[in-house]
Amino acid sequence: MDRCLTPALCLIHRLAYADLQPSGYLCCPGWTQVTRLSFGCNKPVCSPPCQNGGVCSSPGRCTCPKGFTGNYCQIDVDECVTEKPCGQICRNVPGSYECYCRSGYELQPDRQSCRKNDSDGTALEARDLEEGFEETTTTTTRRPVLRDTENEVGDGEEESTYEELLRRLIKLEKQLAKGKKRETEANEIATRIAAAIDSINEIRRSIQNMQLMQQEIYELRNKVKLYEFETRRIQHLSNRVNDLENRLRLRCRTGVYFNSGSPYIR
């Protein structure tokens, strides 16, 4: 028996379909999503992109590898000027440097200092000779020796004085190079600390976004519970209506009528 043909209350359930559009985020300038399915805008954007192996750590700011600097790591650091690492001749190359020795000297295993051939002494004179490099390594200049017959100094004593001055010069240049190297390292450490702080802030934003998502889930659960409660109320009312209709039909079948307020059986 089709219950909807009776005067009773009939509930009809109809299936409906709708196209759900994927959710998206409108990110602030300088930020984007890691992927299209990721939650929140947690990836910084650098425009133009980082160069020479740099990493975009915050909007418009790159963390550069050693040997490069600039907002986008586009500037090559000239170590020959900032650090003076070489004993004699220094040539700057992208991201690094190369050391060479003048004619008559040999490059040591540390690839920085030079030693005179057939000698135990070390000749260190850090200079940037990128221009005229070939001439420096292949030519030497000889000056005439002026001898003072009255105040002549022995060759051994003169050579000893020269070596002493050379050692002092080497020591001073090493100290200066170390100071500049420490300054460069301090700048790199400061850059790394800034990048770490940016990473911490990014993690903090991710946690805040996660907390907002949890709050939305909690509100949705409350709405679902309210919907279930209203559904149960409607079902209860529907059952009561059906019960009343059944009672009414039973009375009609037994022939009970009301006339002037008094019931009688037909």
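Please treat every number below as a calculation from the coordinates, not as lab data. A quick note: this is a predicted structure, and the numbers were derived from the prediction, not measured. Note that each Cβ is placed from the backbone with ideal geometry, even for glycine, and that neighbours are counted across all protein chains shown.
For segment 165-221, the alpha-carbon radius of gyration amounts to 2.42 times the rule-of-thumb value 2.2 N^0.38 Å expected for a compact globular protein. Return the whole-Å distance between the Cα centroid of segment 173-195 and the Cα centroid of segment 39-59. So the two Cα centres are separated by 25 Å. Listed cross-link partners Lys66/Lys178; Lys43/Lys66; Lys116/Lys181; Lys116/Lys174 are compared with a 21 Å cut-off, the Cα-Cα value being larger for Lys43/Lys66; Lys116/Lys181. Taking Cβ atoms as reference points and 14 Å as the exclusive limit, the residues near Lys43 contribute a net charge of +1, counting Lys and Arg as +1 and Asp and Glu as -1. Segment 40-83 has equivalent-ellipsoid semi-axes of 24, 8, 7 Å, by the square roots of 5 times the alpha carbon gyration tensor eigenvalues, sorted largest first.
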